[in-house]
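S.K.: My structure is below; once you've seen it, I'll send some questions.
Read-outs: derived from the displayed coordinates by stated rules, not from any lab. Just so we're clear, the structure is a prediction, and the values are computed from it rather than from any experiment. Please note: Cβ atoms are built from the backbone with ideal geometry, for glycine as well, and neighbour counts cover all protein chains shown.
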Amino acid sequence: MGVRIKSTSISRTSDTHSVVEHSGRAAKQSLERAGVRPDQVGVVINAGIFRDYNTVEPAVSALIQKAAGIGLEYAKDDPRTFSFDLMNGATSVLNAVQVATAILETGSAEHVLIVSGDTHPSLLRYAADDEFPYATSGAALLLERTDDPVGFGKVHTAAGEGTAAVEAYVDTATMGTAGRGLMTVEREPDFEDRLLEVAVQAAGAALAEVADRTSLALIASTPTPEFPKRLADALGIDQDSVRTPDLAYGDPHTAALTQAYDRAIGADTLAEHSQVLFVAAGAGPAAAAVLYRLPAFAGAAA
């Protein structure tokens, strides 16, 4: 028994800068691609960090759930969908995979939908810049339980010592009445090296039982465009096996892993690989890694 990716979808058009709208669109499309009805989704987990207008309440997962049209029936015997936010920086999606796996293995849900994505809280921009290095987008990862020997393995984590390496906050001392549209992001000069260090630790734990790395594809977070290939070099994985999201507008942050997988499936560039190593690293510094055994029909998972 395992937990596999049923479908994925992304939303990154410039007609809206709302992460609620983008994540809702991605969620809808992932269900349509999979032929899954909204009432078959038992849990929605939102792994995004930077949200519209710095919304604190209600949970953004509930807003995305509504935008996706999931669990909106209210009659006595209608199915229910539980949703919540899971926020742990760039590693949030893999932490959500941990939670989703536990839920699906108990049989308490038929499907779990993980949505992710970020936006500048002002909703006035969608491309990354020096002040806010994250692109606006949304992504959806629909998971289901399977009896086939495929899917996610154990999620391994690692944490570094010292300062955060990357830090984001609303400066309450200076924000005045504009706080809902402001966010300060600070990255230390050596942040990429520090993230790489913890990423190697987490990935090494995931790879401990893998004797042959030639059939591995690597999908990693993208705090810099070079980060995935630097990680591949450190792990002894061929550069040609690295799969990345579209970085035309900058780092998709929490959506990077899902976007890279969706892109690879869409382009059929995983056909010669038997497993994908997912690695995420971000503020903390912290990292998470997990092996995903591909089904023989991986191309159909898009």
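S.K.: Using the number of other C-beta atoms within 10 angstrom as an exposure proxy, rank 145, 263 with the fewest first. Write down the numbers at each step before the final one.
M.R.: Working: 145 21, 263 18.
Sorted ascending by nearby Cβ count, the order is 263, 145.
S.K.: Exposure proxy check: 15, 129 ranked by fewest other beta carbons within 10 Å?
M.R.: Numbers: 15 6, 129 11.
Ordered from fewest to most neighbouring Cβ atoms within 10 Å, 15, 129 come out as 15, 129.
S.K.: Provide the net charge surrounding residue 210, with neighbours chosen by a C-beta distance below 13 Å and charges set as Lys +1, Arg +1, Asp -1, Glu -1. Walk me through the intermediate numbers first.
M.R.: Values: positive: 154, 213, 293; negative: 209, 212.
With Lys, Arg at +1 and Asp, Glu at -1, the neighbours total +1.
S.K.: Remind me, relative contact order of the chain in percent, using alpha carbon pairs under 8 angstrom and six or more residues apart?
M.R.: On the way: 749 pairs, mean separation 72.2, N = 302.
It rounds to 24 percent for the chain.
S.K.: I need the Debye-formula profile for segment 156-295: one equal scatterer per C-alpha, no solvent, reported as log10 I(q)/I(0) at q = 0.17 1/Å, two decimals.
M.R.: -0.90
S.K.: Could I ask something else about it? Rounded, prolate or oblate: pick one for segment 59-163, where a ≥ b ≥ c are the square roots of the eigenvalues of its C-alpha gyration tensor, a/c under 1.5 means rounded, and failing that, prolate if a/b is larger than b/c, else oblate. Could the numbers behind the result be given before it?
M.R.: Details: a/c = 2.38, a/b = 1.25, b/c = 1.91.
Oblate, since a/c reaches 1.5 and b/c is not below a/b.
S.K.: Something else: Tell me what the chain gives for mean residue ellipticity at 222 nm when only DSSP H runs of n ≥ 4 count, each as -39,500 (n - 2.57), the sum divided by the residue total, rounded to 500 deg cm²/dmol.
M.R.: Working: 6 runs with 75 residues, N = 302.
Calculated at 222 nm, the ellipticity per residue is -8000 deg cm²/dmol.
S.K.: Further, regarding this structure: When the Debye formula is applied to the Cα atoms of segment 225-302, each taken as the same point scatterer, what base-10 log of I(q)/I(0) results at q = 0.16, 0.18, 0.19 Å⁻¹?
M.R.: At q = 0.16, 0.18, 0.19 Å⁻¹ the computed log10 ratios are -0.61, -0.78, -0.88.
S.K.: Now for a separate question. Membrane-span-like helices in the chain: DSSP H runs reaching 18 Å or more (Cα, own axis), mean Kyte hydropathy at least -0.5? Let's see the in-between values first.
M.R.: Values: long enough: 19-34 (22 Å, -0.69); 92-105 (20 Å, 1.29); 191-206 (23 Å, 0.56).
Length and hydropathy pass: 92-105, 191-206.
S.K.: Classify the chain as rounded, prolate or oblate from the Cα gyration tensor: take a ≥ b ≥ c as the square roots of its eigenvalues, call it rounded if a/c is under 1.5, otherwise prolate when a/b beats b/c and oblate if not. If you can, show how the numbers build up before the last one.
M.R.: Details: a/c = 1.65, a/b = 1.03, b/c = 1.60.
It comes out oblate by the Cα gyration axes.
S.K.: While we're here: In debye, nearest 20: dipole of segment 2-149 around its Cα centre with unit charges on the Cβ of K, R (+) and D, E (-)? It would help to have the intermediate numbers written out before the result.
M.R.: Working: 13 positive and 19 negative charges, 44 e Å.
Using only the charged Cβ atoms, the result is roughly 200 debye.
S.K.: Also, I was wondering about something else. Could you check which residue among 267, 165, 256 shows the biggest mean-square fluctuation in a GNM of the chain with a 10 Å Cα cutoff?
M.R.: Greatest mean-square fluctuation among the candidates belongs to 267.
S.K.: Any idea what the alpha-carbon Rg over 2.2 N^0.38 Å comes to for segment 240-283?
M.R.: Numbers: Rg = 10.8 Å, N = 44, 2.2 N^0.38 = 9.3 Å.
Ratio of Rg to 2.2 N^0.38 Å for segment 240-283: 1.17.
S.K.: Where does each of 17, 111 land when they are ranked from fewest to most other beta-carbon atoms within 10 angstrom? Intermediate values should be presented prior to the final figure.
M.R.: Values: 17 17, 111 25.
If I rank by nearby Cβ atoms, fewest first, I get 17, 111.
S.K.: A further question on this structure: Considering lysine pairs in the chain that are 8 or more places apart or on different chains, how many have Cα atoms under 26 Å apart? Mind showing how you got there, number by number?
M.R.: On the way: 6/28; 6/66; 6/154; 28/66; 28/76; 66/76; 154/229.
So the count works out to 7.
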